[in-house]
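Below is one structure, written out as structure tokens, with a few remarks after it.
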Amino acid sequence: MRRSYLFALAFALLFAGVAGAQYPVLDMLADKVIQKYEQSTCEQLWQQKSAPKPPMEQEMIQTLRNQPQMRLAFINRVAAPIANKMFECGMIP
């Protein structure tokens, strides 16, 4: 029983490593987004929320809409830091 848990854990870690290496550009973009949220003040985030998106950002959003696996990897990477900052800023309940 214990051996099967260890095997499942090893498989999950291997899969996570492969999935992380699958989209290196996406990883860099996710790091940039996380850094933006961590370094921005609440006031800056409120202002950015209402501002129009730059064309490059719109293209990336469209790519994520068209590629569910890439979107999943991106959201899994950025969700917690973004949600924490939005909670701190009162942007989500």
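The values are calculated or read from the model by the stated rules, or taken from the named source; none is laboratory data. This structure is a prediction, so every number in the text was calculated from the model and none was measured. So basically every Cβ, Gly included, is an ideal-geometry build from the backbone, and we count neighbours across all protein chains shown.
Could you please let me know if Tyr37 is in contact with a helix residue (DSSP H, G or I) (Cβ under 9 Å, 6 or more places away or on another chain), at pLDDT 50 or above and more than 26 Å from Phe87 (Cβ to Cβ)?
Values: in contact with a helix residue (DSSP H, G or I) (Cβ under 9 Å, 6 or more places away or on another chain): yes; at pLDDT 50 or above: yes; more than 26 Å from Phe87 (Cβ to Cβ): no.
Answer is no for this residue.
Of all the helices (runs of 4 or more DSSP H) wholly in the stretch 22-77, which have at least 1 residues that are more than 21 Å from Ile92 (Cα to Cα) and not polar (S, T, N, Q)? Explain how you work it out, then say what you get.
Values: elements: 24-39, 42-50, 55-66.
Output list reads 24-39, 55-66.
Filter the stretch 40-62 down to residues that are in contact (Cβ under 8 Å) with a residue 24 or more places away in the chain and of a type in the set (Gly, Ala, Ser), then give me how many there are.
Residues of the stretch 40-62 that are in contact (Cβ under 8 Å) with a residue 24 or more places away in the chain, as a first pass: 40, 42, 45-46, 49, 60.
Going one step further and asking which of them are of a type in the set (Gly, Ala, Ser), we end up with 40.
Final tally of qualifying residues: 1.
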